[in-house]
Each structure stands twice: as C-alpha cells, then as structure tokens.
Amino acid sequence: MKTLKIAIQKSGRLNEKSVELLKNCGLSFDNYKSSLITQVSNFPLEILFLRDDDIPEYVQDGIADIGIVGENGIAETDVDVTYLQRLGFGKCKLKLAVPTHSDIKTVADLNGKSIATSYPVILQKFLDKEGIQSDIKTISGSVEISPGLGLADAIFDIVSTGGTLRSNGLKPFADVMSSEAVLIGRKGIESDALITELMQRIQSVMRAKETKYVVLNVAKSNLDKVLALLPGVKSPSVLPLAEEGWVAVHTVIPETDFWNHINELKSAGAQGIVVMPIEKIIM
C-alpha cells in the first residue's frame with residue numbers, strides 16, 4: 001500500500017503545533033522527539049522531522065509529498081509547490097527594526113545602510129521594490145544582537161510579540177511580510193486519494209477549533225429573536241423543555257460570532273447558556 005510522507009519541523013516554533021495537529025487528526029505515532037522519521041501506525045503516513053529551511057525543497061523535489069512550513073520559508077527559498085491549506089498557527093510578521101535611538105526613521109533612510117538578516121531573499125525583493133540599495137549581511141542566528149555589536153545599522157527578522165527586540169534595545173518600524181504555517185504539497189499531489197482523506201481530517205479539526213457548541217434555554221415567545229442571532233451548521237436544533245412554554249436551542253457557531261452576540265442573546269431572552277468545545281466537524 002502506498003505511504004505518504006509529510007515533512008515537519010524537527011524543532012522550532014512550528015514543531016509543537018504541527019505534532020498537535022496531526023495527533024488531533026487521529027494519527028498515532030511515537031518517538032518523534034528522538035527520531036528523524038517515524039511511521040504513523042493507523043494511517044499510511046511517514047513523518048519526516050527536518051530543519052524548517054529544508055522542508056520546501058524536500059516537498060518540491062518529491063522527497064516528501066507534503067509539508068508544514070511557515071510562508072516565510074517558502075518565500076525565502078522561492079520553490080514551486082502547491083498551497084493546500086492555511087493552518088492558523090505560527091502567525092508572525094517579518095519586520096525591519098533599528099536601535100531605539102537610531103536616526104533611521106523611514107524605509108528610505110535605509111539607503112546605503114547595512115541590514116542583518118536570516119532572510120536575504122525576502123529582504124532583497126522588498127528593497128528592490130522600494131528602490132533602496134542596502135548592504136545585506138546574512139546571519140544564521142541571533143540577528144537581533146547585530147546592531148549592538150556594530151555589525152549592522154538595522155535588522156530584518158521574524159517578530160511575534162516584539163519582546164526579543166525590546167530586550168535588545170530595538171524597535172520595529174516597517175512591516176514587510178505576514179506569515180503563518182501552511183500545508184504545502186508537491187505539484188499534482190492534490191488529486192491523490194490519500195491526500196483527500198488527510199485533508200478532510202485536517203479541515204475537520206480546524207473547523208472544530210474555530211467553533212463552539214452552544215446550548216441555551218429560551219421562552220417560546222422569544223425564540224425567533226434568539227434564532228436570528230444563531231447561525232448554525234445548517235440550522236439550530238430546537239427541543240422542548242419539561243417546563244411549559246420553554247425550549248432548548250442547540251447550535252454550532254463560530255466562537256468570534258458567539259462573543260459578538262452574547263449580550264444580544266441575553267437581551268433577547270436567552271438563559272442558561274452553555275458553551276462547549278468541539279473535537280471534529282466533518283462536512
């Protein structure tokens with residue numbers, strides 16, 4: 001039987017969430033922390049644990065059929081792969097930053113300056129677009145210490161919370177790219193039956209993560225007002241309660257929609273509202 005190969009980070013900011021996603025898809029595997037390859041026991045899938053920089057090319061070259069990697073990793077290697085699914089985690093921005101007291105205030109001020117980065121390809125494309133000529137210094141780690149050591153006037157790096165920048169006396173001043181984890185595949189893989197099955201699992205997990213199961217009680221006289229505020233997968237379920245004139249409403253709703261409408265629901269007469277997580281939603 002054919003076995004798919006998926007490449008994920010061996011270590012780094014996407015590793016834990018990638019493993020969590022695969023396990024939430026019902027895939028069973030062990031020894032992933034001590035091995036470079038592991039076999040899923042209940043699905044024809046092998047997991048390759050690689051450096052994030054290598055994943056896009058492994059997928060492009062067919063060594064792995066699919067892979068989980070940040071969009072920044074794809075842009076930096078400029079590979080030819082198929083985007084299969086945004087995964088909603090590993091979100092960050094690639095930003096330009098300078099020392100807090102730097103006289104560099106705008107992108108134009110970078111002309112003739114030196115910039116340290118681990119992403120020279122993305123940075124060069126940005127500078128070319130802006131018509132800026134800078135000296136790009138490629139560094140494979142600890143980019144944020146470069147200005148303090150006198151190696152560069154500015155840096156270009158991944159920023160999640162900005163804490164690392166602040167602790168090194170830096171401030172961001174220009175966003176260049178937004179990135180998040182994506183599932184990519186080699187060209188043509190999207191028509192594979194096993195990929196279709198795996199994608200169904202992944203999408204069901206993602207839908208469940210973004211939605212909640214909501215149960216509430218409401219008087220029949222207020223039912224129409226409450227139902228107007230509760231979109232469901234198809235439509236809410238309405239069940240009679242033991243108390244005459246009251247019903248229970250069951251529905252699945254995006255979590256953001258629920259919090260946006262909570263006060264309106266209460267004003268419309270909803271009581272005893274219970275919100276529960278969902279494990280899977282299969283459409």
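The values are calculated or read from the model by the stated rules, or taken from the named source; none is laboratory data. No experiment lies behind these values; they were computed from the predicted model shown. Cβ sites come from the backbone with ideal geometry, for glycine too, and all protein chains shown count toward neighbours.
Each residue in region 3-48 was checked for being basic (Lys, Arg) and in contact with a Pro (Cβ under 6 Å, 6 or more places away or on another chain), and 0 pass.
Scanning region 61-73 for residues that are out of contact with any strand residue (DSSP E or B) (no Cβ under 7 Å at 6 or more places or on another chain) and under 19 Å from Ile122 (Cα atoms) yields one hit, Gly73.
Looking only at region 43-60, residues that are crowded, with 16+ Cβ neighbours inside 10 Å and part of a loop (DSSP other than H, G, I, E, B) come to 1 in all.
The C-beta contact set for region 61-80 (first residue outside the structural domain of Asp157 (by TED's automatic domain parsing) and surrounded by 24 or more Cβ atoms within 10 Å (Cβ to Cβ), second residue among the hydroxyl-bearing types (Ser, Thr, Tyr) and assigned to a helix (DSSP H, G or I), distance under 9 angstrom, 6+ apart or interchain) comprises Ala64/Tyr58; Gly67/Tyr58; Ile68/Ser18. Beta carbons closer than 8 Å, at least 6 apart along the sequence or on distinct chains, pair a first residue in region 100-119 that is among the aliphatic types (A, V, I, L, M) with a second that is in a helix (DSSP H, G or I) for Ile104/Leu110; Val107/Glu130; Ala108/Glu130; Leu110/Leu127; Ile115/Leu123; Ala116/Val143. Trp259 meets each of the listed conditions (1) over 20 Å from Leu87 (Cα atoms); (2) surrounded by 13 or more Cβ atoms within 10 Å (Cβ to Cβ) apart from (2). Under the condition of being of a type in the set (A, V, I, L, M) and assigned to a loop (DSSP other than H, G, I, E, B), which residue from region 149-158 is nearest to Lys93 (Cα to Cα)? Step by step, filter region 149-158, then rank; the result is Ala152.
Only one of the listed residues (Ser118, Ser140, Ser160) is polar (S, T, N, Q) and at pLDDT 90 or above. That residue is Ser118.
The strands (runs of 3 or more DSSP E) falling completely within region 83-148 that include 2 or more residues that are among the basic types (Lys, Arg) and under 21 Å from Leu14 (Cα atoms) map to 92-99.
Residue check: Thr38 meets all listed conditions (1) outside any loop (DSSP other than H, G, I, E, B); (2) over 22 Å from the mean Cα position of the chain (by Cα); (3) buried (at least 18 other Cβ atoms within 10 Å of the Cβ) but one, namely (3).
Within region 165-198, restricting attention to residues that are surrounded by 17 or more Cβ atoms within 10 Å (Cβ to Cβ) and of a type in the set (S, T, N, Q), which residue is farthest from Ile47 (Cα to Cα)? Checked region 165-198; the qualifying residue farthest from Ile47 (Cα to Cα) is Asn168.
Kindly indicate whether any position in region 123-134 is more than 16 Å from Pro172 (Cα to Cα), of a type in the set (A, V, I, L, M, F, W, C) and over 30 Å from the mean Cα position of the chain (by Cα). Looking for residues that are more than 16 Å from Pro172 (Cα to Cα), of a type in the set (A, V, I, L, M, F, W, C) and over 30 Å from the mean Cα position of the chain (by Cα), one finds at least one in region 123-134, hence yes. Among residues that are surrounded by fewer than 17 Cβ atoms within 10 Å (Cβ to Cβ) and not polar (S, T, N, Q), Asp135 is included.
Residue-by-condition table, conditions (1) in contact with a Ser or Thr (Cβ under 7 Å, 6 or more places away or on another chain); (2) of a type in the set (A, V, I, L, M); (3) farther than 19 Å from Ser179 by Cα:
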| residue | (1), (2), (3) |
| --- | --- |
| Ser34 | no, no, yes |
| Gln39 | no, no, yes |
| Leu45 | yes, yes, yes |
| Ile55 | no, yes, no |
| Asp61 | no, no, yes |
| Val69 | no, yes, no |
